[in-house]
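Participant: One structure is given below, represented as structure tokens, and several questions about it will come after.
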Amino acid sequence: MTDIAPFHFHQGSLPLLVSMPHAGTHVPADIAALLTDEASQVPDTDWHMPELYAFAKAMGASILAATHSRYVVDLNRSPDGASLYPGQSVTGLCPVDTFDDTPLYQRAEDQPDDAEVARRRSTYWAPYHAQLRAELDRLRAEHGRVLLWDAHSIRSVLPRFFDGKLPDLNLGTADGASCAPELAQQLLAIAEQAPGATAVLNGRFKGGYITRHYGQPEQGVHAVQLELTQCSYMQEALPFAYLPERAGALQPTLQQLLQTALTWVQQPAQP
């Protein structure tokens with residue numbers, strides 16, 4: 001029996017690719033049987049990303065969204081498992097604990113060994129990144145420059161990863177390495193005007209593997225990660241419900257951010 005495909009992909013017409021590496025909730029049956037009851041709820045999902053960014057398709061964007069849970073494999077981690085934030089608590093390529101630092105697996109011996117990590121990397125991680133690379137290359141070849149928008153969300157209070165409440169819109173450009181600084185400043189100015197929200201650039205979340213690996217401004221690929229607080233558009237606890245009114249108040253800002261980035265990359269590059 002074959003499992004579901006590792007991603008959903010919509011090919012757009014303009015130089016904008018929206019990546020959603022943590023939107024998936026599917027866990028194959030053989031892995032699901034090993035998880036705790038808590039982990040079976042996949043609480044650390046970037047919930048409702050395709051719905052929140054539904055407007056992007058009409059803008060002409062390409063959209064790449066994972067189908068499998070980050071508990072299977074984390075698509076926003078380096079394939080060698082290297083930490084993105086040395087010295088800080090992080091979860092790995094094939095996580096073994098939740099964001100609340102509780103075990104994913106019922107038994108320690110059920111945690112993935114090196115062979116299982118390699119299998120998951122080949123089966124789920126590699127196809128997503130092959131599609132991402134191919135689409136970036138296609139868009140850059142056709143348009144000259146392309147904007148990669150890596151869409152994320154997280155609970156607003158997570159003591160394991162940060163103190164207090166996280167700002168609502170966390171823009172990350174790998175401290176300026178993945179995107180032109182002038183574009184990043186334009187995006188920050190928009191985020192700071194979001195009604196009832198707070199914003200920061202390159203704060204706690206500077207961009208994961210996708211932003212850092214693919215963002216090469218000198219090669220015409222500008223990458224930005226946006227980590228949203230989940231309370232800005234959904235319930236942060238079970239049943240993790242989408243809140244249309246709250247999401248609707250946020251979406252104009254998201255649309256303005258994407259349109260500004262798209263307009264910027266469509267302009268002729270400055271010498």
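Participant: Residues being free of Cβ contacts under 8 Å to residues at least 60 places away in the same chain and part of a helix (DSSP H, G or I): count how many of those fall in the range 85-117.
Facilitator: The total comes to 6.
Participant: Now, a different point. May I ask you to say which residue of 70, 160, 77, 120 is over 30 Å from residue 193 (Cβ atoms) and part of a helix (DSSP H, G or I)?
Facilitator: After ruling out the rest, the residue left standing is 120.
Participant: May I ask you to say which residue of 197, 247, 191, 237 is open to solvent by less than 10 Å² (accessible area, probe 1.4 Å), over 16 Å from the mean Cα position of the chain (by Cα) and within 23 Å of residue 99 (Cβ to Cβ)?
Facilitator: 247
Participant: Here's another thing I want to ask about it. Taking residue 199 as the residue in question, decide whether it is in contact (Cβ under 8 Å) with a residue 60 or more places away in the chain and under 21 Å from residue 162 (Cα atoms).
Facilitator: no
Participant: Scan (1) assigned to a helix (DSSP H, G or I); (2) in contact with a strand residue (DSSP E or B) (Cβ under 6 Å, 6 or more places away or on another chain) for the single condition residue 151 breaks and write down its number.
Facilitator: (1)
Participant: Right, here's the next one. Using beta carbons and a limit of 7 Å, which pairs, at least six apart or on different chains, have the first residue in the range 142-162 and within 23 Å of residue 56 (Cα to Cα) and open to solvent by less than 10 Å² (accessible area, probe 1.4 Å) and the second one part of a helix (DSSP H, G or I) and aromatic (Phe, Trp, Tyr)?
Facilitator: Final answer for the pair search is 148/214.
Participant: Could you tell me which residue of the range 13-29 is nearest to residue 226 (Cα to Cα), considering only residues that are open to solvent by 10 Å² or more (accessible area, probe 1.4 Å) and in contact with a helix residue (DSSP H, G or I) (Cβ under 7 Å, 6 or more places away or on another chain)?
Facilitator: My answer is 23.
Participant: Provide a single number: the residues in the range 178-188 that are over 21 Å from residue 156 (Cβ atoms), open to solvent by less than 30 Å² (accessible area, probe 1.4 Å) and not in a loop (DSSP other than H, G, I, E, B).
Facilitator: Total satisfying the criteria: 2.
Participant: If I go through the range 213-228 residue by residue, how many of them are buried (at least 22 other Cβ atoms within 10 Å of the Cβ) and polar (S, T, N, Q)?
Facilitator: 1
The values are calculated or read from the model by the stated rules, or taken from the named source; none is laboratory data. Everything quoted here is computed from the prediction, not taken from an experiment. We place every Cβ from the backbone using ideal geometry, glycine too, and count neighbours over all the protein chains shown. The protein model used for the area step is the full one, side chains on, heavy atoms only, and it has no ligands, DNA or RNA in it. Shrake-Rupley method; radii C 1.70, N 1.55, O 1.52, S 1.80 Å.
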